[in-house]
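Bear in mind these aren't lab numbers, they're just calculated from the coordinates by the rules spelled out. Bear in mind that the values here come from a model prediction, so they are computed numbers and not experimental data. A quick note on method: Cβ atoms are made from the backbone with ideal geometry, for glycine too, and the neighbour counts reach across all protein chains shown.
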Amino acid sequence: MAKYSLSINGKKFSIEAEPDTPLLWVIRDYVGLKGTKFGCGMALCGACTVHLDGEPIRSCSTPVSTLKAANRITTIEGISANTDHAIQKAWIEAQVPQCGYCQSGQIMSAVALLKSNPNPNDEDIDAAMSGNICRCGTYPRIRKAIHRAADLIKESGNTTGK
Amino acid sequence: MQKTLNIDRRNFLKYSGLTGTALILGFSSSEAIPNREVLNLSRIAESFELTPFVIIEKSGQITIMNSKPEMGQGTFQSIPSLIAEELEVPLNKVIIKQTSGEKQFGAQTAGGSSSVRGSYANLRKTGASAREMLIKAASQQWSVPVEECYAEDVKVFHKPSGRSFSYGELVETASRLEVPKNPALKDPKDFKILGKPVQRPDIPLKVSGEAVFGMDAEVQGMVYASVERCPVFGGKIRKIDDSLTLKVKGVKQVVKAQRTLGKNTYEVVAVIAENYWAALKGRKALKVEWDYQGFDQFNTLDYEKNLRELAKTEGLVDHNAGDFEGTFAQAPLKLEAFYETPILSHSPMEPMNCLAQWKEGDQVEIWVSSQGPDSVKRSVAEAFGIPQENVKVNIFFNGGGFGRRLYQDFATEATSIAKAVGVGKPVKVIWTREDDTQQGPFRPMTFSALKAGLSSDGKAIAFQHKVIAPSIGATMNKSYDRTKSDGTMTEGISEQQYEIPNVKNLFVLSETHIPMAAWRAVTSTTLAFSHECFLDEMAVKAGKNSFDFRMELLNKESDTKRVLTKLREVSGWDKPLPKGWGRGIAQWEFFAGLAGQVVEVSKRKDGSIKIEKVYAVIDLGTVVNPDNTKAQVEGAITMAIGAATKDGITFEKGMVQQSNFHDNRMVRISEMPKVEVHILAEGGTKIKGVGEPGLPPLAPALANAIFNATGVRIRRLPFDLDKIV
């Protein structure tokens with residue numbers, strides 16, 4: 001066991017875990033944020049996607065020991081206060097989720113995409129979102145919603161999406 | 001469901017006194033113990049005799065029960081809408097609660113695209129009864145004729161004076177009235193919710209991360225388990241060496257337990273730990289020696305050979321009309337073909353999991369994602385020889401179902417482990433993706449031997465579809481009738497509307513010890529492929545256009561004919577395609593409903609095939625949520641593309657060869673074509689299903705399109721789009 005100091009969604013957490021424990025289980029079972037999901041355990045499906053200093057990572061394959069106290073970790077619970085990030089609004093408008101299990105990961109990937117590319121075309125979307133599997137097949141709506149969110153951000157002039 | 005009209009006066013009154021007890025929507029909480037409030041309500045519900053699908057409280061709070069678990073298909077919106085529409089309440093002013101297998105709610109399993117169809121009449125009546133009682137109560141309180149009152153937006157209005165009462169103010173008077181036996185249902189033209197693209201109330205929760213799935217369920221004091229199961233189905237434990245496991249920090253104990261799956265019981269070894277990662281590490285350090293009982297001889301290549309041999313046998317008659325043999329023998333044009341499909345995993349994104357607690361007095365409590373709370377109760381009670389009343393079930397959002405969560409082995413296993421760990425200790429079992437991929441149950445493969453005879457002018461006069469397959473029923477049920485054709489395994493082949501005078505369809509059972517299961521759209525997922533591709537082969541033999549050939553066999557008016565006609569129109573079937581493109585058509589009618597699709601493909605310079613666009617027409621009769629219907633068809637198409645073009649499950653030495661999403665690949669966004677969905681909903685009381693019918697037509701329409709573009713006839717699933725030519 002070792003002690004780790006983590007910054008998640010702007011809050012400090014001090015946890016004690018085995019060094020090889022994946023960040024996913026730390027977030028879910030030590031910190032208690034259940035929005036980040038376990039899907040494959042091998043960084044193949046993207047259900048566990050969170051942001052590490054703004055970049056999307058697969059938390060199921062990120063040992064807690066590789067993280068530093070200075071790292072900023074953001075989960076689905078941290079991207080907006082009232083489910084009002086442009087991506088979330090567009091997701092609701094396009095009625096994207098079906099079962100919803102993969103959607104936290106999809107949204108985290110989409111938020112990161114729009115941050116790095118505010119005006120993606122379909123190919124950009126496909127490239128950025130291909131690491132996220134949706135078994136329900138919400139892909140046509142994910143494409144639509146990302147375009148819509150890009151427009152919402154442009155309209156609002158607030159590039160953070162919030 | 002038949003009991004919905006059971007609301008007598010006494011019970012209505014009892015419920016009106018519930019204020020303050022059932023006010024909180026529990027599943028939206030991301031707190032440590034989700035669904036606490038739901039648990040309270042279901043305990044209360046259990047103690048009443050009636051079926052409280054809608055609860056209106058004096059405070060004005062309205063609760064509507066959803067009896068069909070939400071797994072992505074939209075029952076969390078569609079089922080409560082049936083009541084809300086008639087009750088004149090918008091969904092955002094209602095609390096929706098998931099039932100937990102309580103007897104009085106009747107069948108609560110979501111499957112077979114049956115949820116809305118099975119509830120439509122009764123739930124509308126329930127809502128209409130409540131509305132009529134509230135209106136009558138208002139007319140009494142005002143002393144005005146009932147005809148002068150109407151309900152709207154959770155209020156009853158008196159038309160001439162404009163006065164109004166909120167529903168809450170009417171509850172006490174209403175609860176003293178007789179429940180109307182035949183309440184007047186609303187005219188569909190006045191619908192505000194049904195038939196409209198209403199937003200789903202579960203979606204905001206699924207966008208914020210607040211939606212609670214079985215995976216997220218927690219109770220105080222629980223421990224975690226990772227379970228070692230024999231890689232060969234039917235193997236038994238010979239020896240367990242847990243010496244290294246017990247050295248893993250956090251591991252508490254190792255227990256033997258059982259997983260009951262239908263008629264099958266499998267021995268398992270569970271590693272119990274204080275956190276999931278420790279359980280998993282402990283399991284990796286575990287050494288279990290298995291006695292494979294000879295089942296390690298099983299492999300896919302030999303099994304397929306066996307199916308091809310069995311195809312030479314006559315089999316059991318599924319459907320017989322006219323004189324197939326005689327007509328086929330004399331037919332001027334003949335053709336025969338053999339089609340093959342693979343075993344598949346369901347692979348919902350939420351791996352199987354279950355939290356179970358064995359309590360004093362043989363009481364069991366379960367927290368789980370399942371398609372059927374009632375079937376969890378039944379399965380656990382049967383597996384442990386306890387009354388169903390002893391099993392309390394808490395159902396969460398399902399992270400996908402697709403048929404996998406119709407089988408409650410994850411619950412029987414977790415219960416067995418909890419029992420072994422000891423009274424009072426809740427145990428959360430989490431399957432790895434590898435467990436989920438390899439441990440079944442699976443969608444069965446089907447092989448098909450097809451024969452057709454055509455007249456000299458190219459009309460189908462004789463047709464035979466012989467299905468050679470393992471059986472879901474034979475591998476799952478103790479009693480299975482081997483003397484009759486298996487309707488599930490021949491699903492749809494004798495239900496198509498094509499008017500062919502001489503038909504003899506057959507079934508040949510192939511035994512196996514591998515557990516087989518319903519998979520979204522069940523056997524239609526493979527039989528539509530063989531059937532509708534062969535129809536295309538017949539059209540080619542007849543020298544006719546695929547569409548015209550089918551229409552010539554559809555002289556009588558039928559839903560199929562309407563679907564194909566609509567499909568021709570919306571897909572632009574008669575317009576020429578760019579060079580190197582091809583299009584294919586297919587339709588399928590089966591127990592769940594009816595849909596047809598046209599697929600357009602193009603051939604890239606490197607010879608690979610790109611799916612350009614899918615046009616879909618689904619026939620519903622009546623549509624509850626057109627936007628969600630489109631979502632379901634889009635999803636079914638995605639799943640079907642994967643089933644047609646990705647990986648199957650194969651066995652070697654009795655073991656599944658695939659393990660995770662790298663070798664059991666799923667469709668990704670970059671592979672998703674454009675999809676255009678059209679709904680036929682022309683009124684009437686006949687309702688067809690939504691969740692499944694979008695799946696079967698895809699594979700044959702795609703294969704037919706590839707033939708059209710390349711001349712290559714595909715007769716085996718899966719096929720690689722990069723290696724067609």
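All other residues with a Cβ under 9 Å from the Cβ of B:Lys236 taken together, and with Lys, Arg as +1 and Asp, Glu as -1, what is their net charge?
Values: positive: B:Arg238; negative: B:Glu267, B:Asp291.
Result for the local shell: -1.
If you average the sequence gap of Cα pairs under 8 Å that are 6 or more apart and divide by the length of region A:86-156, what percent do you get for the contact order?
Averaging sequence separation for qualifying contacts and normalising by length gives 51 percent for region A:86-156.
Under a Cβ-Cβ cut-off of 10 Å, what is the net charge of the residues other than B:Ala337 that fall near it, where Lys and Arg count +1 and Asp and Glu count -1?
+1
On a straight-distance basis, which lysines could pair with A:Lys12 in a cross-link, Cα separation under 16 angstrom, same-chain partners fewer than 8 positions away excluded?
A:Lys3, A:Lys68
Eigenvalues of the Cα gyration tensor times 5, then square-rooted: what semi-axes does that give for the protein assembly as shown, in whole angstrom, largest first?
Square roots of five times the eigenvalues give 41, 37, 29 Å.
Let me check against my output: what whole-number percent is the relative contact order of region B:549-622, with C-alpha pairs under 8 Å and at least 6 apart?
27 percent
So for region A:86-156, Kirkwood radius off the Cα pairs, Stokes-Einstein at 25 °C and 0.890 mPa s: how many µm² s⁻¹?
Diffusion coefficient, whole number: 209 µm²/s.
Give, rounded to the nearest 20 debye, the magnitude of the charge dipole that the protein assembly as shown has about its Cα centre when Lys and Arg contribute +1 at Cβ and Asp and Glu contribute -1 at Cβ.
My answer is approximately 720 debye.
Only Cα pairs within less than 10 Å get springs; with that Gaussian network setup on chain A, which residue of A:Ser116, A:Ser61, A:Ser130 has the largest fluctuation?
Result: A:Ser116 has the largest fluctuation of those listed.
Name the long-range amide H neighbours of B:Gly593: under 5 Å, sequence gap of 5 or more, or other chain; modelled H, no Pro or chain starts.
When sequence neighbours closer than 5 places are left aside, the close amide H contacts are B:Gly689.
Taking chain A as the reference, fit the longest principal axis to its C-alpha atoms, fit the long axis of helix A:139-156 to the helix C-alpha atoms, and give the angle between the two in degrees, 0 to 90, nearest 10.
Computed tilt is about 80 degrees.
Across region B:376-389, in residue order, what do the Karplus-derived ³J(HN,Hα) couplings come to in whole Hz, using 6.51 cos²θ - 1.76 cosθ + 1.60 with θ = phi - 60° and x for Gly and Pro?
These are the phi-based 3J(HN,Hα) values: 4, 4, 4, 5, 5, 4, 5, 5, 10, x, 10, x, 4, 4 Hz.
Spin-label point model (7 Å from Cα, Cβ direction): what's the A:Lys11 to B:Leu335 distance in nm?
Here the modelled spin labels are 6.5 nm apart.
Taking the number of other C-beta atoms within 10 Å as the exposure measure, put B:Ser471, A:Ser65 in order starting with the fewest.
Details: B:Ser471 21, A:Ser65 13.
Going from sparsest to densest Cβ surroundings: A:Ser65, B:Ser471.
Determine ³J(HN,Hα), in whole Hz, for all residues of region A:79-89 in sequence, where each value follows from phi through the Karplus function 6.51 cos²θ - 1.76 cosθ + 1.60 and θ = phi - 60°; x replaces Gly and Pro.
7, 7, 7, 10, 6, 10, 5, 3, 5, 5, 4
Exceeding 21 Å between C-alpha atoms, which entries from my cross-link table qualify? They are B:Lys541/B:Lys579; B:Lys334/B:Lys504; B:Lys504/B:Lys544; B:Lys68/B:Lys103. Each step should come with its number before you reach the end.
On the way: B:Lys541/B:Lys579 24 Å; B:Lys334/B:Lys504 15 Å; B:Lys504/B:Lys544 24 Å; B:Lys68/B:Lys103 14 Å.
Flagged as over cut-off: B:Lys541/B:Lys579; B:Lys504/B:Lys544.
List the GluC sites (Glu not before Pro) within region B:535-583 that DSSP assigns to loop and that have no more than 15 neighbouring Cβ atoms inside 10 Å. Don't skip to the end; give the middle numbers.
Numbers: sites: B:Glu537, B:Glu552, B:Glu557, B:Glu569; in loops: B:Glu557.
Taking region B:535-583 and a limit of 15 other Cβ atoms within 10 Å, the loop GluC sites (Glu not before Pro) found are B:Glu557.
Provide the percentage of antiparallel DSSP beta bridges, counting only those with both residues in chain B; round to the nearest 5. Each step should come with its number before you reach the end.
Details: 86 of 114 bridges.
Here the share of antiparallel DSSP bridges comes out near 75 percent.
Relative contact order for chain B: what is it in percent, counting Cα pairs under 8 Å that are at least 6 residues apart? Spell out each step's value before the answer.
Numbers: 1712 pairs, mean separation 98.6, N = 725.
Here the relative contact order equals 14 percent.
Quick check: convex hull of the Cα atoms in region B:612-708, volume per residue, rounded to a whole Å³?
On the way: hull volume 12.8 nm³, N = 97.
Measuring per residue, one finds 132 Å³ for the Cα hull of region B:612-708.
What is the log10 of I(q)/I(0) for region A:2-78, computed with the Debye formula using one identical point scatterer on each Cα and no solvent, at q = 0.15, 0.16, 0.17 Å⁻¹?
-0.41, -0.47, -0.53
What is the distance, in nm, between label points placed 7 Å from the Cα along the Cα-to-Cβ direction at B:Gln293 and at B:Lys478?
1.6 nm
Lysines near B:Lys252 by alpha-carbon distance under 16 Å, same-chain residues fewer than 8 away left out - which ones?
Result set, ordered by chain and number: B:Lys281, B:Lys284, B:Lys419, B:Lys425, B:Lys428.
So what's the net charge close to A:Met42: Lys and Arg +1, Asp and Glu -1, counting the other residues with Cβ under 10 Å from its Cβ? Intermediate results must be reported in sequence, preceding the final value.
Numbers: positive: A:Arg58, B:Arg433; negative: B:Glu434.
In short, +1.
Cut-off under 25 Å on the C-alpha distance; same-chain residues fewer than 8 positions from B:Lys189 excluded. Which lysines are left, in chain and number order?
Partners within reach: B:Lys93, B:Lys125, B:Lys136, B:Lys155, B:Lys159, B:Lys181, B:Lys566, B:Lys630, B:Lys686, B:Lys688.
Using only the alpha carbons of chain A, what is the convex hull's orientation-averaged projected area in square nanometres?
Working: hull surface 35.0 nm².
Taking a quarter of the hull surface, the average projection is 8.7 nm².
Full-extension gain between B:Asn555 and B:Leu577, please, as 0.36 nm times their residue separation minus the C-alpha to C-alpha distance.
Values: separation 22, 0.36 × 22 = 7.92 nm, distance 2.84 nm.
Here the segment from B:Asn555 to B:Leu577 would lengthen by 5.1 nm.
Among A:Ile92, B:Leu454, B:Ser81, pick out the residue whose Cα is farthest towards the positive end of the charge dipole of the protein assembly as shown, where Lys and Arg carry +1 and Asp and Glu carry -1 on C-beta, about the Cα centre.
A:Ile92
Is the shape of chain B best called rounded, prolate or oblate, per the rule: a/c under 1.5 gives rounded, else a/b larger than b/c gives prolate, else oblate, with a ≥ b ≥ c the square roots of the Cα gyration tensor eigenvalues? Please report the intermediate quantities before stating the final value.
Working: a/c = 2.05, a/b = 1.18, b/c = 1.74.
Here chain B falls in the oblate category.
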